[in-house]
Structures are given as structure tokens and as C-alpha cells.
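Just so you know, all these numbers are worked out from the coordinates, no wet-lab data involved. Given the structure is predicted, the values throughout are model-derived calculations rather than measurements. As a convention, Cβ positions derive from the backbone with ideal geometry for all residues, glycine included, and neighbour counts pool all protein chains shown.
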Amino acid sequence: MESFLQQLINGISLGSIYALVALGYTMVYGVLRLINFAHGDVYMLGAYFGFYLSRILQGRTPYHLLDAALVMFLSMLGCAICGLLMERFAYRPVRRASRLTMLIIAIGLSLLIENAGQLIFGANPKFFPQLIPESHIKLGGLMLTNQQVIVLLTAVTLMILLNLFIYRSRTGKAMRAVSFNMDAAKLMGIDTDRIIALTFALGSALAAAGGILVSINIPGIDPLMGVMTGLKAFVAAVLGGIGNIFGAVLGGLILGLAEVMVAGYGSSTYRDAIAFLILIVILLFKPAGLLGKGAVEKV
Amino acid sequence: MLTLSHVSTRYGSIQALTDVSLEVEKGSVATLIGANGAGKSTALRSIMGLCQPHAGEILFEGRKLNKIPTHRIAAMGIALVPEGRAVFANLTVLENLELGGYLQRDGKRLRLDIDHVYEVFPRLKERMAQMAGTLSGGEQQMLAIGRALMAHPRLLLLDEPSLGLAPLMVHAIFDAVDRINREGATVLLVEQNANLALKRSRKAYVLETGRIIMQGDSADLAKDPRVQEAYLGE
């Protein structure tokens, strides 16, 4: 029982990271109907920004947590800027071209970032510095590390903030309008280019947060770390219903739990396979995803 | 107030508008009638910058609209109620209205504007918390017009507001349009229902395969045998 609870917590923790990355896929898909295959690589960039920033910032403030928060915030900012650049220079010029063109650009951009990463950061894995010294928390019979708790709390906080932004703010409302009908949004006086750029920035910042939270738990980072996580987060977004914010969170959690349970009770050989098994099953039986709806328009 | 001179617009590879010139006087209701596919919607979309004319000039209050992005045209005081209404189905009625007032940053004014829309369309007040996609066709049309009103447009463009509505609802909608016009907005109405459009407007243009083939006072056009035969079914 205790081991099950332990796995449950591990699964939710991993799942919340998938969810953070999946949100970026789903938000960009929402406004542009584009699968941004370079999104997983932004997650990698986030981890590397975190790595270099930690070296500079670690020990600069009196608290470890403050160090970590600062590293995280600046990495998110850095990735947000990367997201803006990607949108402006790779996707905006082909906005009116066919969707296939955009998809091919996305794949090219992804390869470019991965290989440039290997060139600049080096292909060998780097060890992410321990921003917060590990301590253990005993909860009943459960043994948690403080890092696990921090990762989970941060991910949940970010998702709540995003939710408030999208459902309560004026700009969030505009974002939902753009994702529903771009032309109608323009007619309301919404500068849709700005909203699309903001969507990329937000999604990229969340991916950066994901990259750093992962590195706190599993400190080895390498320039290709975004490939598998990106694919899995993409599966999570499709599983939940791509374009649907809650779907991305739900899909991420299911995927994280499934992966941890398979590794814990089956064989860890299959932990990566489960994501794609889920993808095949969902595409066969509910291609719109768990929370996705087929487009229904009332006349 | 609005002048189109020699406007031509392509829609993909199709020539949708050819050398269209028309004028809408301040404070009036003008109408553009014509069959399905005559280019009526393209004319409105060209005014809003949703498609770009490749020739000709569009002037609003003396300012050239060509090449200005749609959201800035909206900010200049033109609102389009698009064909098929295009309400944000996944948002509530209230959120739709708030988006209509997107450029109004003063929360108090926004509330007043919403109250005004509720006064014009009391049905919307009853439905304010409902998702717009669950409204009936007529209610969606009310919402689309109400949403456009939120921006205090000086020029209101209406694309087929009667499409698919029951006669009673059509009259309710047109009464509201009359009221909006009396309250100061100039209206350009695009309609397939020529009978109704000619009754409710002062000046009319007839569009056929992208060209203006007739124009004049609505009352005169309604008596014209060619119009009667082609568009009034008499």
C-alpha cells in the first residue's frame, strides 16, 4: 500500500511536468492549429538556461529557495523570448501558407535547435547543480524528498496561475476568442498577432519551468532530452484533446501515472512504450481526445 | 461616410468583386442585395480588411482603409456582424459581449454598455451565463449584433442578418437595427431577402457576379420590374 502511494506521488509529479509541457502544445495548437514540434526543444533550452544561470546565481541570495526561484524565473523569461523569436521569424512568415508548410518548418526548427544545442552546449550530458539541498520528509509511512514536494507545488501553482489568466483576464479571454475564430477576434479589435506571440511566449515559459523541475529531480541534462519528453507531452495533449487546456493537464497526469506504474509494477523497459500505446489506443477509439469535442457549429 | 471606388477583390483565384463603387451616407441605412455568391460578403470583408482588394480605394470618413489591419479598422469605428454570426460558442453570452467591448478599458463604461445591449435585447440578459453555442439561431444573431454594438460603431455592417431565422425573429432583429440606426449608427446591410432589405433602407445597390448592376433609392428599386423579377419573386 505504501509503495503504491509512493508510486502514485511519483506518477503525479512526473505527470505534472508532462502537463506543463503539454500545455504549450495545446495552447499553440489552439490559436494556430499547428503542432509546434520544436516545443520539446524549448523545454531542453529551459534546462540549459537553468544550468548556466545556476552557476552564476547559486549562493548569491541568502536562501536556496530564492536562488532556485530566481533561476527558474529567468529561465522562463529566456524561453519566453525564444518562443517569441520562433513565432516571429519561423512561423509568422508562413502563416498564410498551407498547414503542411508550417509543420515542416516546425520539424526543421526542432532539428536545428537540437543540433545547435549539441554544438553549443556539447553533446555530453551535464550535471544540473543541486539548487536545493535534499532533505527527507516523512509523511505517515511515506518517504518524500523536499524536492519532490517543491516540484509538485510549483507545477500546480503555475497551472493555477495559467488557468486564472486564461479564464479571468481580458487578454486570456482574447486568447480564447482567437482560438475559436481568428477572423471574428480581429473584428473585436483584438490584435491577433500579439495574442499569438503571447501564446508562444507563455507556452515556452511553461516548458522552461518543466525543464528545470525535471532537472531538480533527475539532474542529468543533454541537448536531446527534449525529444522524448516532447513526444510524450504531445501524446498527453492529444490524449486530453488537443486545444483543450484541462485536457492537457489531465493527459499529462494520466501519462505520468501510467509510466510510473508500468515501471514500478511491470518492467521499466516498457516505460517509454506505454505513452505510444496510449496514443494508438486513443487515436483508434477517441481521436478527439478525452475532453476534446468534434467541432459543432449551430446554424 | 463610407466610399468604395472601383474596388476589385479576388477570392483565391476567383474574381469576387469587379470595379465596385458605392457610397453610404452618414446616418442612413443602405443595402447591398444580390443572389448567393454575388460577392456581397466579399464586399463587407474587403471593407474590414479581412480580404485585400487588389484595385480601388475604400475610404471611411475620408481615411483610406486599404492595407490597414482588421483590428485597427475595428478600432476606427466600424463593426461587422459576420455571416453565420460567428459568436464565440465556447464563451458565455456575457463574455462575448465583453469581447465586443475589448477596446473599452474602463470597467464602469463596459458595464453601462452591456446594460444598454441588454436593454436592446432583453433575451440576452436572461441568457447571460449560458454558453453562446447553446443559444437558438435568432438569439445568436442578437448576440452577434449586441457584441458589435459594444464597440459603439459609427458604421455597422450587417451580413445576412435574416438568414435562417423565423419571420417573427427577423422582424425583431430588423426593429433592433432600426433602433440602432436612430441612435446614430450608419448601417450597411447585406441581404438575400431583397424585399425586406428594400423596405428597411434608403438607398440600395444590386450586385450580380461581382459587379454593381443597379443602384438608386430603395423605394424606386422595389418598383423596378427587373428587380421585381430577379429578386422579389413577383
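Is there a pair in B:LYS26/B:LYS223; B:LYS26/B:LYS64; B:LYS67/B:LYS203; A:LYS293/B:LYS125; B:LYS64/B:LYS203; B:LYS26/B:LYS203 whose C-alpha atoms are over 21 Å apart, and which pairs would that be? Table pairs above 21 Å Cα-Cα are B:LYS26/B:LYS223; B:LYS67/B:LYS203; A:LYS293/B:LYS125; B:LYS64/B:LYS203. Both numbers refer to the Cα atoms of region A:2-285; Rg and Dmax are 18.6, 58 Å.
Restricting the count to DSSP beta bridges whose residues both fall in the protein assembly as shown, what percent are antiparallel, rounded to a multiple of 5?
Working: 27 of 46 bridges.
Rounded to the nearest five, the antiparallel share is 60 percent.
Of all aspartates and glutamates in the structure, those lying under 16 Å Cα to Cα from A:LYS138, and not within fewer than 8 positions of it along the same chain, are A:GLU2.
Size estimate for the protein assembly as shown follows the Kirkwood approach: the inverse of mean 1/r over distinct Cα pairs works out to 25.8 Å.
Set against the 2.2 N^0.38 Å expectation for a compact globular protein, region A:73-144 has a Cα radius of gyration ratio of 1.74.
When DSSP beta bridges are limited to those with both residues in region B:2-232, what percentage is antiparallel, rounded to the nearest 5? Mind dumping the intermediate values first?
Values: 21 of 40 bridges.
The answer is about 50 percent antiparallel.
Counted residue by residue at 0.36 nm each, then reduced by the alpha carbon distance between them, the extension gain from A:ILE218 to A:ARG96 reaches 39.8 nm.
Test of understanding: in a Gaussian network model of chain A with alpha carbons linked when under 10 Å, which of A:GLY24, A:GLY172, A:GLY15 would top the mean-square fluctuation ranking? Of A:GLY24, A:GLY172, A:GLY15, the most mobile in the Gaussian network model is A:GLY172.
Near A:ALA38, once Lys and Arg are set to +1 and Asp and Glu to -1 for all other residues with Cβ below 12 Å from its Cβ, the sum equals -3.
Between B:ARG111, B:ARG154, B:ARG200, the GNM of chain B built on Cα springs shorter than 10 angstrom shows B:ARG111 fluctuating the most.
For chain B, a Gaussian network of Cα nodes joined below 10 Å ranks B:VAL120, B:VAL29, B:VAL81 by mean-square fluctuation, and the top entry is B:VAL120. Membrane-span-like helices of chain A, defined as complete DSSP H segments with a Cα extent of 20 Å or more along the helix axis and a mean Kyte hydropathy of at least 1.6, are identified as A:64-86, A:225-240, A:245-265, A:271-285.
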